[in-house]
2 protein chains.
Amino acid sequence: MTGENERAGLFGLGQPNDAFAQYFIGQSYLNPVTTEGLGIFNVTFEPGCRNNWHIHHASKGGGQILLCISGRGWYQEWDGEPRELHPGDAVVIPPEVKHWHGAARDSWFAHLAIEVPGEESSNEWCEAVTDEVYSRLK
Amino acid sequence: MTGENERAGLFGLGQPNDAFAQYFIGQSYLNPVTTEGLGIFNVTFEPGCRNNWHIHHASKGGGQILLCISGRGWYQEWDGEPRELHPGDAVVIPPEVKHWHGAARDSWFAHLAIEVPGEESSNEWCEAVTDEVYSRLK
C-alpha cells in the first residue's frame, strides 16, 4: 500500500471506499479527516476511477467543496465543459447541480471533500460516467 | 517572494495579512481559497509569527477547522497543553474556546482555516501570546 499512500498526499489514504463503491467506476479510498464541525474526507482515486453523476440536494445551503491535494483529475457539470484539476485547485459544487469528479486516465488523484452544511440535505446518485464521455478527456 | 510562496504550500501565499496584522505578532499572509459555500483561507506564518489569543463566538454551530499544509506550527487552548502541528494534521476549534495558533520559532507554517457556519458568529481578539509563553515551545 506504500505507493497508494504516497498518492493520497497529505491527508492519508484511509480505507477502500466500499460503502460508495456501487457509485464509482474503479477503486477509490476514503479517509475521514474530521467529522466534527464539518464533514471533511480525503478521497483518493486510482487512474481512470471516477464517481457516477450525482447531485447534492438541499433546501437551503448545502453542496460540497473539493480541495485538490495530489495528482491530476477532472470535474464536470451536466452539459458543462470538463475542468482539469491540479493540486491547489478548489471546486465549489453548488447544491442541485448534477456533476462527477475523478482521476485522469493516467494519474492517481486525491481531493478533500468538504460538506457544506445545508437543510434537508441528501445525495442523489445517478448514472455512471460512460467510457464514451470519459474517453474524450486527456 | 519565491521563498515565501514555496513556504505557503499548495494553496498559495496571497497577500500580507494587513487587515489582521494588529492581532498578530510577526508577519502573516492571507490567501482566500474560496468564499462561496464556506469561507476557506490559506494562512501562512513566518517563523515565530502567531496570532493573539482569540475566541470564535456563535450562539449555534460556529468555530473553525485548521488543516495544516506545510511547515511546523503550534495550537494551544487557554489552560491547555500546546499541540505541535505538522502537514496533514487537522484541528477542530470549537466555538467559545480561547486559543491561538502560529508557526514554530524556526519554521514557516501554513494552514487552511475553514469557517464553520454558525448563528450570531463573531470573533473576539484578546491579548498577545507573550514571549514567556511562546518561548517555552520548541
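Read the figures in this text as sums done on the coordinates, not as results from a lab. These numbers come from a predicted model, not from an experiment. When we count neighbours, we look across all protein chains shown, and the Cβ atoms used for this are built from the backbone with ideal geometry, even at glycine.
In table form, for the structure just shown:
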item	result
Choice from A:E81, A:E46, A:E115 showing the highest fluctuation, given a GNM over chain A with Cα pairs closer than 10 Å	A:E81
Highest-MSF residue in chain B out of B:W78, B:W100, B:W108 [GNM, Cα springs under 10 Å]	B:W78
Shielding by partners, peptide A:108-118 (average Cβ within 10 angstrom, other chains)	2
Region A:79-125 versus region B:61-106: alpha-carbon centroid distance in Å	27
Helix-only [θ]222 nm of chain A, DSSP H runs n ≥ 4, -39500 (n - 2.57) each, per residue, nearest 500	-1500 deg cm²/dmol
Region A:3-42 - Rg over Rh from alpha carbon coordinates, Kirkwood radius	1.00
Value in Å of the Kirkwood radius, where region B:30-98 supplies the Cα pairs that are averaged	13.4
Spin-label pair B:E4/A:C126, simplified geometry with 7 Å Cα→Cβ offset, distance in nm	4.5
Alpha-carbon Debye profile of the protein assembly as shown, log10 I(q)/I(0) at 0.07, 0.10, 0.16 Å⁻¹	-0.27, -0.54, -1.23
Shielding score for B:56-63, defined as the mean number of other chain Cβ atoms within 10 Å	1
Net length gained if the chain between A:E84 and A:A21 were fully extended (0.36 nm per residue, minus Cα distance)	20.4 nm
Compactness of chain B - radius of gyration and Dmax, Cα, Å	13.9, 42
Within a Gaussian network of chain B (alpha carbon springs, distance under 10 Å), most fluctuating of B:L30, B:L112, B:L38	B:L38
